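Worksheet: the structure to be examined is printed underneath.
The values are calculated or read from the model by the stated rules, or taken from the named source; none is laboratory data. Computed from a prediction, not measured in an experiment: that's the story for all the values here. For neighbour counting, all protein chains shown are included, and Cβ atoms are generated from backbone atoms with ideal geometry for every residue, glycine included. Heavy atoms of the whole protein, side chains included, go into the accessibility calculation; ligands, DNA and RNA do not. Shrake-Rupley method; radii C 1.70, N 1.55, O 1.52, S 1.80 Å.
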Amino acid sequence: MKPRISMITLGVSDLQRSIRFYETGIGFPRMDSPPEVAFFTLNGTWLALYGRDALAADALVDGATNGFAGFSLAHNVGSEHEVDQVMAQAVAAGATVTKSARKTEWGGYAGYFSDPDGFLWEIAHNPLFWVGPSDEPGQPVAGHP
């Protein structure tokens, strides 16, 4: 198996609310999708939104489990200022800040928000190295190897 994550699918309680949050609120580019799912392109991977009960049924698991899911999604940006901008955009779209952006013990700057279904997103700037694909294919990111 080659190491990669092709798609992240979030089981959401209100598909239309989540589509508005990700598409209009924080500006993820939405692809044409069937009405029961929404796909967004994320520069190397896809994000899918699918009804929570439908996703549980598809995986043959009990969808009644609630609480901390034990993972977070991360979005790395090029500066501390960009972290603050993304956090503010997410809050304006309906996110809840769980940890305000601040200096980290590893030398970066990061904060967390939860989306309308409670999925955690870390917004981070790592001045030591770039995490993820370049924002412009074939072009190095300024200040990053």
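Each residue, Met7 and Thr104, gets one label point 7 Å from its Cα in the Cβ direction; the gap between the two is 2.8 nm. Within 14 Å, Cβ to Cβ, of Lys99, how many net charges do the neighbouring residues add up to if Lys/Arg are +1 and Asp/Glu are -1? In short, -1. Compute the Cα gyration tensor for the range 19-82, then decide on rounded, prolate or oblate, letting a ≥ b ≥ c be the square roots of its eigenvalues: rounded whenever a/c is under 1.5, prolate when a/b is larger than b/c in the other cases, and oblate in all that remain. Oblate, since a/c reaches 1.5 and b/c is not below a/b. Using a probe radius of 1.4 angstrom, the carbon and sulfur fraction of the accessible surface of the range 1-124 is 54%.
Computed over neighbours whose Cβ is under 10 Å from that of Phe40, the net charge equals 0, Lys and Arg +1, Asp and Glu -1.
Electrostatic bookkeeping for Asp53 treats Lys and Arg as +1 and Asp and Glu as -1; over the other residues with beta carbon under 14 Å from its beta carbon, the sum is -4. When the alpha carbon gyration tensor of the chain is reduced to an equivalent ellipsoid, its three semi-axes come out at 27, 18, 15 angstrom, largest first. GNM on the chain, alpha-carbon springs under 10 angstrom: the most fluctuating residue among Thr41, Thr65, Thr98 is Thr65. For the chain, a Gaussian network of Cα nodes joined below 10 Å ranks Gly25, Gly107, Gly51 by mean-square fluctuation, and the top entry is Gly107. From largest to smallest, the equivalent ellipsoid semi-axes obtained for the range 53-113 from the alpha-carbon gyration tensor read 30, 14, 11 Å.
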